[in-house]
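Just so you know, all these numbers are worked out from the coordinates, no wet-lab data involved. Predicted, not measured: the structure shown is a model, and the values here were computed from it. Here the Cβ positions follow ideal geometry from the backbone for every residue, glycine too, while neighbour counts run over all protein chains shown.
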Amino acid sequence: MATSFQGLGDLPGGAFKSAAINVSAQGSTVVGWSQSANGKEAFVWTQAGGMQGIGDLPGGGFSSVANAVSNNGLIVVGCGQSSERQQTITEAFRWTAVGGMVGLGDLPGGDTFSCANDFSSTSSTVVGVSSSLPGNTEGFTMGGGGLMFGTANVHASIETFTAVSEEGTHVGHGGFEYYTQAFRHKNLLTLGLGHLGGYAGIRFSQAFDVSADGRTIVGMSYGPLGAEAFRWTASLDEMVSLGAGTATGVSGDGSIIVGQTSSPFHGAFIWRAETDQIESLHNYLINRHGLGPALAGWTLLAATKISVDGHTIVGNGLNPAGQFEGWRAHIGPELIPPPGRDD
């Protein structure tokens, strides 16, 4: 399929605003949120159906966000607002077209709060964050049986799970060695990933995504440049800086990484193993794929995720009218070879 770029639009009613957060394995389904007549509302987008709002949990105020989608695009997870004792609370949800939006509850004890951040199609596992002690958060997992399990009995320092791979590696961040750092967690073993050297005495790192095979983890850590995007691989067993910014998405085999940078340019970036450097996604789509007309007037602020197959990137930007809008780019064969390569 040829390379293409398109804005996703927004839901009817309210101000024009939408954000693309995640994408299915082969890029056919995008999820996120948009302003609708009801307020902030989770959406599912497909090429055939466009953007469709999926509502919110009953009770409480109205606010929902879709954070992840199954490989086939049929299951969506995120968080919405429900109520408890006449109070509005944030609660994780699971949505299907047949069953609608169903709240997943939260961990016992502490503040009433949960949010689902990712979903593994292989194991039908939802991962996210909840509260089991007042003022504290804890990563949770929920399998097909519908029971939510916290991590306090496994590792008391896991504050949240942000992503889960198809082979079972969970990533997130928590308190290890007296500072917050990214970690990988599998088979009851939790390992901190360290940091990039710190900045102004601050040691800190977060993991935001993991490849389908579990061997590449991406995120942000403080280093000499301040906030820096990182790539961690099982083969090196250490973080490598990609430059200033944050890495938020990685392809299934770890060969492509996307995110947002502030230097040497501002906006969405793409990192490819074949070049081993970050590039402006905007310039890459124009210079290698001839998408200048489609991107005219657009500012690509951030790339949030890339599909498992590595062919579809989603993110957020300013459209030609200056409105905040989610977008989708499908990456086909390069039309224009890079300098020095004669195809």
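Can you tell which of 243, 283, 44 lies farthest toward the positive end of the dipole of the chain, using +1 and -1 charges on the Cβ of basic and acidic side chains (Lys, Arg; Asp, Glu)?
44
Using the Cβ atoms and a cut-off under 13 Å, what net charge is assigned to the surroundings of residue 17, where Lys and Arg are +1 and Asp and Glu are -1? Could the numbers behind the result be given before it?
Values: positive: 40; negative: 10, 41, 325.
It works out to a net charge of -2.
Considering the dipole of the chain built from charges on the beta carbon (Lys and Arg +1, Asp and Glu -1) around the Cα centre, which of 90, 161, 196 is farthest to its positive end?
90
Just want to confirm a number: the relative contact order over the chain, from Cα pairs under 8 angstrom separated by 6+ residues, in percent.
Working: 1034 pairs, mean separation 47.6, N = 343.
14 percent.
Just how large is the dipole of the chain about the Cα centre, in debye to the nearest 20, putting +1 at every Lys and Arg Cβ and -1 at every Asp and Glu Cβ?
360 debye
If neighbour count is taken as other Cβ atoms inside 10 Å, put 209, 253 in order from fewest to most. Mind dumping the intermediate values first?
Working: 209 26, 253 15.
Listing 209, 253 from fewest to most nearby Cβ atoms yields 253, 209.
Taking the Cα centre of region 8-161 as origin, work out the dipole magnitude from +1 charges on Lys and Arg Cβ and -1 charges on Asp and Glu Cβ, in debye rounded to 20. Let's see the in-between values first.
Details: 4 positive and 10 negative charges, 52 e Å.
Roughly 240 debye for region 8-161.
Using +1 at the C-beta of Lys and Arg and -1 at the C-beta of Asp and Glu, which of 262, 221, 320 has the Cα lying farthest in the positive direction of the dipole of region 165-334?
My answer, from the dipole projection, is 320.
Would you calculate a helix-derived [θ] at 222 nm for the chain, using -39,500 (n - 2.57) for each DSSP H run of n ≥ 4 and dividing by the full residue count, to the nearest 500? Provide the component values of the computation, followed by the final result.
Values: 2 runs with 11 residues, N = 343.
About -500 deg cm²/dmol.
Given contacts defined as C-alpha pairs under 8 Å and at least six residues apart, what's the relative contact order of region 281-332, whole-number percent?
Values: 75 pairs, mean separation 13.8, N = 52.
The value is 27 percent.
Scan the chain and report its longest stretch carrying no GluC sites (Glu not before Pro) that are both in a DSSP loop and have at most 12 other Cβ atoms within 10 Å. Intermediate results must be reported in sequence, preceding the final value.
Details: sites that count: 177, 274.
It works out to 1-176.
Taking the Cα centre of region 165-334 as the origin, how large is its charge dipole in debye, to the nearest 20, when only Lys and Arg (+1) and Asp and Glu (-1) carry charge on their Cβ atoms? List each step's numbers first, then the result.
Numbers: 9 positive and 15 negative charges, 61 e Å.
Using only the charged Cβ atoms, the result is roughly 300 debye.
Give the lysines whose C-alpha is closer than 23 Å to that of residue 17, dropping any in the same chain fewer than 8 places away, or say none.
By straight Cα distance, residue 17 reaches 40, 305.
What shape does the chain take by its C-alpha gyration tensor, where a ≥ b ≥ c are the square roots of the eigenvalues and a/c under 1.5 counts as rounded, a/b above b/c as prolate, and the rest as oblate?
Numbers: a/c = 1.74, a/b = 1.17, b/c = 1.49.
Here the chain falls in the oblate category.
Rounded to whole Å, give me the distance from the Cα center of region 184-200 to that of region 6-72.
Their Cα centres are 32 Å away from one another.
With a ≥ b ≥ c taken as the square roots of the eigenvalues of the C-alpha gyration tensor of region 17-153, please select rounded if a/c is under 1.5 and otherwise prolate if a/b is larger than b/c or oblate if it is not?
Values: a/c = 2.17, a/b = 1.32, b/c = 1.65.
Oblate shape, in that a/c is at least 1.5 and b/c is the bigger or equal ratio.
If each residue's Cβ is checked for other Cβ atoms within 10 Å, how do 132, 205 rank with the fewest at the top? It would help to have the intermediate numbers written out before the result.
On the way: 132 18, 205 26.
Ranking 132, 205 by Cβ neighbours within 10 Å, fewest first, gives 132, 205.
Counting other beta carbons within 10 Å of each residue's own, what order do 298, 95 fall into, fewest first? Mind dumping the intermediate values first?
Details: 298 18, 95 25.
Fewest-to-most Cβ neighbours within 10 Å comes out as 298, 95.
Which whole-number percentage describes the relative contact order of region 1-41, with Cα contacts under 8 Å and a sequence gap of 6 or more?
Details: 58 pairs, mean separation 15.4, N = 41.
It comes to 38 percent, rounded to a whole number.
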